[in-house]
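Working notes, structure below.
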Amino acid sequence: MKTVNHWIGGKTVEGASGNYGPVTDPATGEVTTQVALASAEEVDAAVEVAQEAFLSWGQSSLAARTKVLFAYRALLDANRDAIAELIVAEHGKVHSDALGEVARGLEIVELACGITTQLKGELSTSVSNRVDVSAIRQPLGVVAGITPFNFPAMVPMWMFPLAIACGNTFILKPSEKDPSASVKLAELMTEAGLPAGVLNVVHGDKVAVDALLAHPGISAVSFVGSTPIARHIHTTASAHGKRVQALGGAKNHMLVLPDADLDAAADAAVSAAYGSAGERCMAISAVVAVGSIADELVEKIRERAEKIKIGPGNDPTSEMGPLITAAHRDKVASYVKGAADQGADVVLDGTGYTVDGFEDGHWIGLSLLDNVKTDSDAYRDEIFGPVLCVLRTETYEEGVALINASPFGNGTAIFTRDGGAARRFQLEIQAGMVGVNVPIPVPVGYHSFGGWKDSLFGDHHIYGNDGIHFYTRGKVVTTRWPDPADAPAGVDLGFPRNH
């Protein structure tokens, strides 16, 4: 059986703990790989390597850093398919989704390639008599990233390219459910010329995570995952004096006004709710239909959802793949099975779905729940699967109040032809990312990604300007030099002679 080991100091390092976790092909249910799970001592060793690498990398020139990043960008572009194949094999998403994930990660690498302009600093001359003040940003040291299973390439690339471009060294703890993509990313970074120890990959479970959160050699922690874990990451790492950005879960709403293009809204709802099998924090999981259009909108969504082809991710005709594990599939199915008892109309029931020839895969079909109540489990919880809830309100104001009452505030969208309504919505809604006739408003790389309320713990969003500020700290230098005219007689003020 294949074993995925750690990547430390620019090379493969075999696991020493004796503990391994299973990696499953979600389309077949077969365990294809085992991944080494690090002990606290192995985390210590990785931090020591990263600390040693920081002594030189933190002092390296911007030119040296960007040379590596430009080479890395070219290698990623050339290896898109290879990375996507690893994602399909371990996560299960269809190949086109996996390619899209790599493309979004490349955006942040491209942002990092332009780090020279982002770290220019500021200068004020003559703030007083012969006094100048400059502001600069410097790297933190060793920083860590803990990333989820749903985007095993993209989310790590939201973190380490910027952290490294800013002069830090990085330890990545990816999900143990689909670890191979992260190792491939690190291998390509070494091939691009990154010095050994600047980027390290340590696999593990809670033991490794807790070791990272408490380690005195780590200055900052980035995290993307569920809200309970994000809260734990933020509380624990902050208590150990670390800077933390912890992105949590979501319950993203799409408000559809009576004047909206219902065909466009239905298309958007299907792609945003069921794309990547709903396993993404920016999935639309709740449609709020305003007024009399609800019945027509639900019917249009149903018609489209029934046509989605579900199958293995490496089948080019598949539009949706399996879920990551059998346990997660069963959890998602439980929300659908309990929906009717809590007042919902089950328009589509995707539970019990199988694919011929792949009966042991982690399959589930598309589910559509109408007339969902705000106190039901299917609405309150982040399901993280292909389940779309439809709620109904009579007015725009009721719809906004319903959305703002949610404890989550990651992303949201409005579908309307009315510019005035859209303007009100983007100002009144309590969420970090807003789409206007755009169902999944994930910002481009040079704007930052992050939510409000229980969707974010910490002050900084991820990537963009917030990401650069997170991975650096400011320093202000006040300088006063005597005027040469005041120098004692006989002092040579000329340049040193070269011999």
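The values are calculated or read from the model by the stated rules, or taken from the named source; none is laboratory data. A quick note: this is a predicted structure, and the numbers were derived from the prediction, not measured. Here the Cβ is made from the backbone with ideal geometry for all residues, glycine too, and neighbour counts use every protein chain on show. Surface areas here come from the heavy atoms of the whole protein model, side chains and all, with no ligands, DNA or RNA. Shrake-Rupley method; radii C 1.70, N 1.55, O 1.52, S 1.80 Å.
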Inset, instruction - From the list GLU42, GLU85, pick out the single residue that is assigned to a helix (DSSP H, G or I) and either touching a Cys at 6+ places or on another chain (Cβ under 7 Å) or within 27 Å of ASP97 (Cβ to Cβ) (or both). - result: GLU85
Legend entry - The listed residue being touching a Gly at 6+ places or on another chain (Cβ under 6 Å) and either part of a helix (DSSP H, G or I) or open to solvent by 10 Å² or more (accessible area, probe 1.4 Å) (or both), out of MET189, MET157: MET157
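Quick check on this structure: which one of LEU106, LEU62, LEU75, LEU69 is closer than 21 Å to ARG280 by Cβ and either out of contact with any Leu (no Cβ under 7 Å at 6 or more places or on another chain) or at pLDDT 95 or above (or both)?
Of the residues listed, the single one that is closer than 21 Å to ARG280 by Cβ and either out of contact with any Leu (no Cβ under 7 Å at 6 or more places or on another chain) or at pLDDT 95 or above (or both) is LEU106.
Looking at LEU99, LEU55, which one is over 30 Å from ARG473 (Cα atoms) and in a helix (DSSP H, G or I)?
LEU99
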Legend entry - Condition met for ASP267 (of a type in the set (Asp, Glu), modelled with pLDDT of 95 or more and assigned to a loop (DSSP other than H, G, I, E, B)): no
Legend entry - Among the residues listed as GLU398, GLU359, the single one being modelled with pLDDT of 95 or more, out of contact with any His (no Cβ under 7 Å at 6 or more places or on another chain), under 14 Å from VAL256 (Cβ atoms) and of a type in the set (Asp, Glu): GLU398
Legend entry - Pairs, first within 25 Å of ASP267 (Cβ to Cβ) in region 436-457, second in a strand (DSSP E or B) and among the hydroxyl-bearing types (Ser, Thr, Tyr), C-beta under 9 Å, six or more apart: PRO441/THR412
Legend entry - Unique residue being outside any strand (DSSP E or B) and within 23 Å of GLY291 (Cα to Cα) when the list is VAL390, VAL355, VAL347, VAL372: VAL372
Legend entry - Filter pass, ALA112 being within 18 Å of the chain's Cα centre (by Cα), part of a strand (DSSP E or B) and among the small types (Gly, Ala, Ser): no
Inset, instruction - For region 401-408, indicate whether the set of residues that are among the small types (Gly, Ala, Ser) and surrounded by fewer than 13 Cβ atoms within 10 Å (Cβ to Cβ) is non-empty. - result: yes
Inset, instruction - State whether the residues of region 236-249 include one that is under 28 Å from ASN404 (Cβ atoms), open to solvent by less than 20 Å² (accessible area, probe 1.4 Å) and assigned to a helix (DSSP H, G or I). - result: no
Inset, instruction - Looking only at region 401-424, count how many residues are over 11 Å from LEU257 (Cβ atoms) and in contact with a helix residue (DSSP H, G or I) (Cβ under 7 Å, 6 or more places away or on another chain). - result: 1
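GLY92 - would you say it is in contact (Cβ under 8 Å) with a residue 40 or more places away in the chain, surrounded by fewer than 23 Cβ atoms within 10 Å (Cβ to Cβ) and either touching a Lys or Arg at 6+ places or on another chain (Cβ under 7 Å) or at positive phi (or both)?
no
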Legend entry - Pairs where the first residue, in region 332-360, is open to solvent by 60 Å² or more (accessible area, probe 1.4 Å) and among the acidic types (Asp, Glu) and the second is part of a loop (DSSP other than H, G, I, E, B) and modelled with pLDDT of 95 or more, C-beta under 7 Å, 6+ apart: ASP345/ASN371; ASP360/THR28; ASP360/GLY29
Inset, instruction - Taking the residues in region 206-234 that are open to solvent by 60 Å² or more (accessible area, probe 1.4 Å) and in contact (Cβ under 8 Å) with a residue 40 or more places away in the chain as candidates, determine which candidate is nearest to PHE449 (Cα to Cα). - result: ARG231
Legend entry - Extreme residue, nearest to VAL47 (Cα to Cα), among residues of region 111-152 that are surrounded by fewer than 15 Cβ atoms within 10 Å (Cβ to Cβ) and of a type in the set (D, E, K, R): LYS120
Inset, instruction - Would you mind telling me which numbered condition in (1) at pLDDT 95 or above; (2) surrounded by fewer than 18 Cβ atoms within 10 Å (Cβ to Cβ); (3) under 19 Å from ARG392 (Cβ atoms) LYS307 fails? - result: (3)
Inset, instruction - Among the numbered conditions (1) surrounded by fewer than 16 Cβ atoms within 10 Å (Cβ to Cβ); (2) in a loop (DSSP other than H, G, I, E, B); (3) not hydrophobic (A, V, I, L, M, F, W, C), tell me where ASP77 comes up short. - result: (2)
Legend entry - Members of region 315-338 found to be assigned to a helix (DSSP H, G or I), among the hydrophobic types (A, V, I, L, M, F, W, C) and over 16 Å from GLY29 (Cα atoms), listed by number: VAL332, ALA333, VAL336
Inset, instruction - Enumerate the pairs (first residue in region 461-481 and in a helix (DSSP H, G or I); second residue anywhere and of a type in the set (Phe, Trp, Tyr) and open to solvent by 80 Å² or more (accessible area, probe 1.4 Å)) with beta-carbon separation below 9 Å, excluding pairs fewer than 6 apart on the same chain, so at least 6 apart or on different chains. - result: GLY464/TYR446; ASN465/TYR446
Legend entry - Leading residue by the ranking (least open to solvent (accessible area, probe 1.4 Å)) among those in region 414-434 that are of a type in the set (Val, Ile, Thr) and within 24 Å of TYR463 (Cβ to Cβ): ILE429
